[in-house]
Amino acid sequence: MVMKMIFDTIVGIATLRGISALNVIRVSGSDAIQLVNRLFVGKDLDQQPSHTVSYGHLIDDGVIIDEVLVSIFREPKSFTAENVVEISTHGGYLIAEKVIEALIKLGCRMAEPGEFTKRAYLNGRIDLTQAESIMDMVNAKTMTQLQIANQGLNGQVKELINDLQSDLLSLIAKIEVNIDYPEYDDAVVMTNEIIIPETKTIIDKINQILIKSDTGKVIREGIKTVIVGRPNVGKSSLLNTLLREDKAIVTEISGTTRDLIEGELNLGGILLKLIDTAGIRTTDDIVEKIGIDRAKKALSESDLVLLVLDQSQKLTDADKELIELTSDKTRIIVGNKTDLGSLVDIQNENIIKVSAKNKTGIDLLENEVKRLFVDEVLIGNNETMLSNARHIGKLKEANQNLKDALSSAQINYPVDMVEIDLRKAWESLGEITGESGTEILISTLFSKFCLGK
Amino acid sequence: MYDAIIIGGGHAGSEASLAVARLGHETLLITGNINMIATMPCNPSIGGPAKGTLVREIDALGGEMGKVADKTSLQMKMLNHSKGPAVRALRAQSDKVLYPKEMQKSLFAQENLTVKEAYVKRLLVENNTVKGVILESGEIIEANTVILTAGTYMEACVLVGSTSTPEGPDKQKPSYGLSEHLRELGIETFRLKTGTPPRIKRDSIDFSKMELSPGDNFKYHFSYDDSVFVPLEKEWPCYLIHTSEFTHSIIKSNLRKSAMYSGLVKGLGPRYCPSIEDKLVRFADKERHQLFIEPESQFIDEVYLQGFSTSMPHDIQEEMVHSLPGLENAVIAKYAYAIEYDAIHPTDLWPTLESKIINNLYFAGQVNGTSGYEEAACQGLMAGINAALKMQGKEPFILRRDEAYIGVLIDDLVTKGVLDPYRMLTSRAEFRLLLRHDNADIRLTEKGHRIGLISDERYQKFLDKLSLIKAETARLKTVTVNPTAVINQQLKAANSGELKEKISLLDLLKRPELSYDFVISLIDEKRTLPLEITEQIEIEVTYEGYIKKAIKEAEKLIKEERIQIPADFDYSKLHNIALEARVKLSKIKPLTVGQASRISGVNPADITSLILHLKEHSSNTSK
């Protein structure tokens, strides 16, 4: 593996993900200021002196990602002794992830675990004892990281990445055989017309994988959530309480809203997309008002059901019907009005007790959402979280390389040029599975094609 | 007493001898048969993808191969023309009678160089340093440096069917005892195998059943110095045929008679040049295999049957050949054979190709586990240069992977080692966009001049070329065209977008669909500059974005290559690395962090630990 960890521009999240009100994204390397500046609308960061903070917005492809504060540290007076930019964004997975994605698109690389510290040492910012203790820690974790890497990507996704790698390798080998054995007549002559659809197929597959990765899905898409409950259990007041929470920010992100989604809610850094909130806002009785079919449709679209019950009353037939209706869904049973007592009689179910009125128990609800949707191993452990985020980052790098290859092919650059980006994509995938290198390519070449003198 | 002795007069030995002698050292080339110096015992061609670039690199550094290939070519072809500038490749069919003659001429005319016909039995070694050689006759010849380029001759064995004959290529006497002696010195050897197809009498062939495969009608040549070419009408064509179902059934029913499949062959053959029986076994569902009939020489009535390498017994070879279209009545001039020989592990060498075990002893060519004339020649040149530099007390000459295919080849050999004969492929070069055959002179002429193998005159010619490129590029930047109807009409005809505003010719040239000739035609100009100048401008401008990206990637490599590791670094001092990494690093003894990071089994965490200790080491010593 080429040790490219040392000198290029890297990006990583410096704060614990998902829980804090703010996130800090750190960028280090000679191009750090220049790259962030390309996303930043505000003062010209290239012109700002070291150790200053600038207010502005990060904009990617014309869409505002977030309102941010950007701190500039010029080399050598920074943590890593390189140019460093620290971006303070609002909390939550989505924003941090979008910022990192935009920076990777511009050429940053996802930082390896402990890489900022390594750079600090290598550039003489911290002494050997400090660095060695960090290295011991990082080394000791290498094995666990590998294990977690495999856990972080579930079996199905891992298989998909392997498939992807072999699709890409076979595409590359087909191009290489043309180049190294131009007179070999049993291989298809690879032209951009052939490369374009094959590349598109691989890009589609990567997008599929990004969606299938559970954590990735939570980060990128939010959780499609439906709130149900019979009349007068307090759904509206629960929603309003959630919306009034300090941490809760309602965001509108253009292009992501689907017809059924009517609101977005940030619950402790995780985006909940509320389905069919119209029913919830105008009436308490979703079942009776819009009919059981509509409710079923909403339910079938959802990733999560918040079933609200009244803690102060025994279960009614309508409650029981809803419990039955949602029994095969990922759901959280919310016992509202916990301030009024605890009469609800339900067996074998974990009830999250909240009081929308007194604003208690909301943290319990947040934790339950995280428990259900974010790999527990990944929460509360920054190193392992990075490990997984690194894989997502690598996959995105690969995707970006493929898109570059595609656009070169579309303007009809020679296949040799197009192949440069295909090979980069393959190497990015290899950094996830640990399988890459010229030898594999050459073995593939000679096992797939019958070449020789 | 000589400054240097070169053992073996093949393509590596020839280049090594010339380089050392040209750099002013008394040199002795010892070879088993003077008439066989620089012969082509396998395919009669030089160049091709990656290999053609090697030839140009050899030439830019002052080597001989390119010039000899130009003088002796029967046909030249530019391969991969449409696939992109980085992979275009020149290939010559060489006259196998003329090529060795031309090379011998250069060797015999070379000042400071003596050629002697003999076999070396042992090396003279004192205190792990080579002091000369001992011949089979018992004669001792002393020298400061020895370069061993024994090719496939050490303990060579030719295998045909069930017979194993101790002989070298073309029935030459092998070198006995030398490899055993090397093992006594602590240099391990291992068996490798290669093979060659049959040669056919030309007048026994019915060419009407074959597809003609001519060369290109272009004034191509390898050397940047000479300009010798053969016009197309004088070129000798190749022909293409395919194996038939009948051929396959003959081979399949006689598979056990092949030396390869009877258990006779112990050496590992090249994946890159499998025998025809190998191809049939490994690709059982392939209905046919392509074969090329290549001219061997204008002086002998024989052709080369490319793709038909085999170790079948002679009677089966007859049957096999006669099953091919146009070869029904063919007369086999020379039967195909497989050959086994002893090679050394190139991981026992420093990147200068000097042995890590015996000082002043260098190895180059096929004995290092490579395959191909070009691969051998470039190692010979590099070993020769480094031997001379060491004698002169100068810094070694090591090419990086972003500087030359030669750098890739030697780095792969000494860092990763080989299991089967190593062939150069473009896929091996991660910076192949920078390592083009068209810019080999730009990459390497200055280095060749500094070393002393490129004359002042040739260097001046090179500098003139550079300034022409620079001046013309600058001119294209200032000359503009306006979005007139005429101009836009011309652009449209060339499938290029219309102009909306004034644009410089340089910016127009950035469009991949437009050529230099087209762009200057917009201002009613015709090319006056040589093609090699305008081609260079065209490539550098059109692919500027990609080239810049590659240069940026290469900068990372350069930084890693700058962090040096002492040759005697003690890896047992590194407490923080995996066992596998420790073992491999101790064996390979990488000279830079870049090289260390390319060793398989050494991961980034090991490298970081290594860097930490190197930093500690250097700060301690500087105190």
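The values are calculated or read from the model by the stated rules, or taken from the named source; none is laboratory data. Owing to the predicted nature of the structure, the values given are computational and were not obtained by experimental measurement. With ideal geometry, Cβ positions are generated from the backbone for all residues, glycine too; neighbour counts draw on all protein chains shown.
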- Task: From the list B:Ser162, B:Ser244, pick out the single residue that is within 19 Å of B:Tyr341 (Cα to Cα) and more than 14 Å from every other protein chain (Cβ to nearest Cβ).
- Result: B:Ser162
- When the residues of the stretch B:483-506 are filtered to those that are out of contact with any strand residue (DSSP E or B) (no Cβ under 9 Å at 6 or more places or on another chain) and surrounded by 14 or more Cβ atoms within 10 Å (Cβ to Cβ), which remaining residue is farthest from B:Leu468 (Cα to Cα)? B:Asn488
- Have a look at B:Tyr261, B:Tyr224, B:Tyr176 and point out the one that is under 26 Å from the mean Cα position of the chain (by Cα) and either within 30 Å of B:Leu124 (Cα to Cα) or modelled with pLDDT under 90 (or both). B:Tyr224
- Query: Any chance the stretch B:439-459 includes a residue that's in contact with a strand residue (DSSP E or B) (Cβ under 7 Å, 6 or more places away or on another chain) and of a type outside the set (Val, Ile, Thr)?
  - Reply: no
- Message: Of everything in the stretch B:52-74, what is crowded, with 24+ Cβ neighbours inside 10 Å, in contact (Cβ under 8 Å) with a residue 40 or more places away in the chain and not small (Gly, Ala, Ser)? Give them in sequence order.
- Response: B:Thr53, B:Leu54, B:Val55, B:Arg56, B:Glu57, B:Ile58, B:Asp59, B:Leu61, B:Glu64, B:Met65, B:Asp70, B:Leu74
- Would a scan of the stretch B:532-545 turn up a residue that is within 13 Å of chain A (Cβ to nearest Cβ), of a type outside the set (D, E, K, R), more than 30 Å from B:Phe222 (Cα to Cα) and under 33 Å from the mean Cα position of the chain (by Cα)? no
- Flagged in the stretch B:546-575 as in contact with a Phe, Trp or Tyr (Cβ under 6 Å, 6 or more places away or on another chain) and facing chain A (nearest Cβ under 9 Å), in numbering order, are B:Ala550, B:Lys556, B:Lys559
- Message: I'd like to know if the stretch B:603-620 contains one or more residues that are polar (S, T, N, Q) and away from chain A (no Cβ under 14 Å).
- Response: no
- Query: Can you pull out the residues in the stretch B:411-436 that are facing another protein chain (nearest Cβ under 8 Å), under 23 Å from B:Trp350 (Cα atoms) and hydrophobic (A, V, I, L, M, F, W, C)?
  - Reply: B:Leu425
- Query: Quick one: in the stretch A:355-373, which of the residues that are touching a helix residue (DSSP H, G or I) at 6+ places or on another chain (Cβ under 6 Å) and crowded, with 20+ Cβ neighbours inside 10 Å is farthest from A:Thr338 (Cα to Cα)?
  - Reply: A:Ala356
- Restricting to the stretch B:131-151, what's the tally of residues that are closer than 22 Å to B:Ala19 by Cα, out of contact with any helix residue (DSSP H, G or I) (no Cβ under 7 Å at 6 or more places or on another chain) and surrounded by fewer than 24 Cβ atoms within 10 Å (Cβ to Cβ)? 5
- Which one of B:Glu15, B:Glu102 is more than 18 Å from the chain's Cα centre (by Cα) and farther than 30 Å from B:Ile547 by Cα? B:Glu102
- Message: Quick check on the stretch A:115-144: of everything there that is facing another protein chain (nearest Cβ under 10 Å) and at pLDDT 70 or above, which residue is surrounded by the fewest Cβ atoms within 10 Å (Cβ to Cβ)?
- Response: A:Gly124
- Item | Members of the stretch B:71-107 that are within 14 Å of another protein chain (Cβ to nearest Cβ) and either among the aromatic types (Phe, Trp, Tyr) or in a loop (DSSP other than H, G, I, E, B) (or both) | B:Asn80, B:Gly84, B:Arg88
- Note on the structure: Within the stretch B:108-159, of all residues that are free of Cβ contacts under 8 Å to residues at least 24 places away in the same chain and assigned to a strand (DSSP E or B), the one farthest from B:Leu29 (Cα to Cα) is B:Glu126
- Tally time: how many residues in the stretch B:511-544 are part of a helix (DSSP H, G or I) and over 27 Å from B:Phe462 (Cβ atoms)? 2
- Residue, surrounded by the most Cβ atoms within 10 Å (Cβ to Cβ), within the stretch B:115-124, restricted to residues that are touching a helix residue (DSSP H, G or I) at 6+ places or on another chain (Cβ under 9 Å) and of a type outside the set (D, E, K, R): B:Val120
- In the stretch B:270-284, anything at the interface with chain A (Cβ under 10 Å from one of its Cβ atoms) and of a type outside the set (Lys, Arg) is listed as B:Pro270, B:Tyr272, B:Cys273, B:Pro274, B:Ser275, B:Ile276, B:Asp278, B:Leu280, B:Phe283
- Task: Select from the stretch B:396-421 the residues that are modelled with pLDDT of 95 or more, more than 16 Å from the chain's Cα centre (by Cα) and assigned to a helix (DSSP H, G or I) and list them in ascending order.
- Result: B:Thr415
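Based on this model, can you work out whether B:Ala19 counts as within 25 Å of B:Asn439 (Cβ to Cβ), at pLDDT 95 or above and not assigned by TED's automatic domain parsing to the domain that holds B:Ser309?
When the stated conditions are applied, B:Ala19 passes them.
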- Query: If you check A:Glu86 against the conditions, is it charged (D, E, K, R), touching a Lys or Arg at 6+ places or on another chain (Cβ under 6 Å) and either in a strand (DSSP E or B) or surrounded by fewer than 18 Cβ atoms within 10 Å (Cβ to Cβ) (or both)?
  - Reply: yes
- Query: Within the stretch B:239-286, can you find the residues that are in contact (Cβ under 8 Å) with a residue 12 or more places away in the chain, more than 16 Å from B:Glu319 (Cβ to Cβ) and aromatic (Phe, Trp, Tyr)?
  - Reply: B:Tyr239, B:Tyr261, B:Tyr272
- Note on the structure: Those residues of the stretch B:336-346 which are buried (at least 20 other Cβ atoms within 10 Å of the Cβ) and not hydrophobic (A, V, I, L, M, F, W, C) amount to B:Tyr337, B:Glu340, B:Tyr341, B:Asp342, B:Pro346
- Here the residues within the stretch B:336-375 that are acidic (Asp, Glu) and under 13 Å from B:Val414 (Cα atoms) are B:Asp348, B:Glu354
- Task: Assess whether B:Gly393 counts as being modelled with pLDDT of 95 or more and either surrounded by fewer than 23 Cβ atoms within 10 Å (Cβ to Cβ) or part of a loop (DSSP other than H, G, I, E, B) (or both).
- Result: yes
- Scan A:Thr338, A:Thr326 and give me the residue that is out of contact with any Pro (no Cβ under 9 Å at 6 or more places or on another chain), surrounded by 14 or more Cβ atoms within 10 Å (Cβ to Cβ) and in contact (Cβ under 8 Å) with a residue 60 or more places away in the chain. A:Thr326
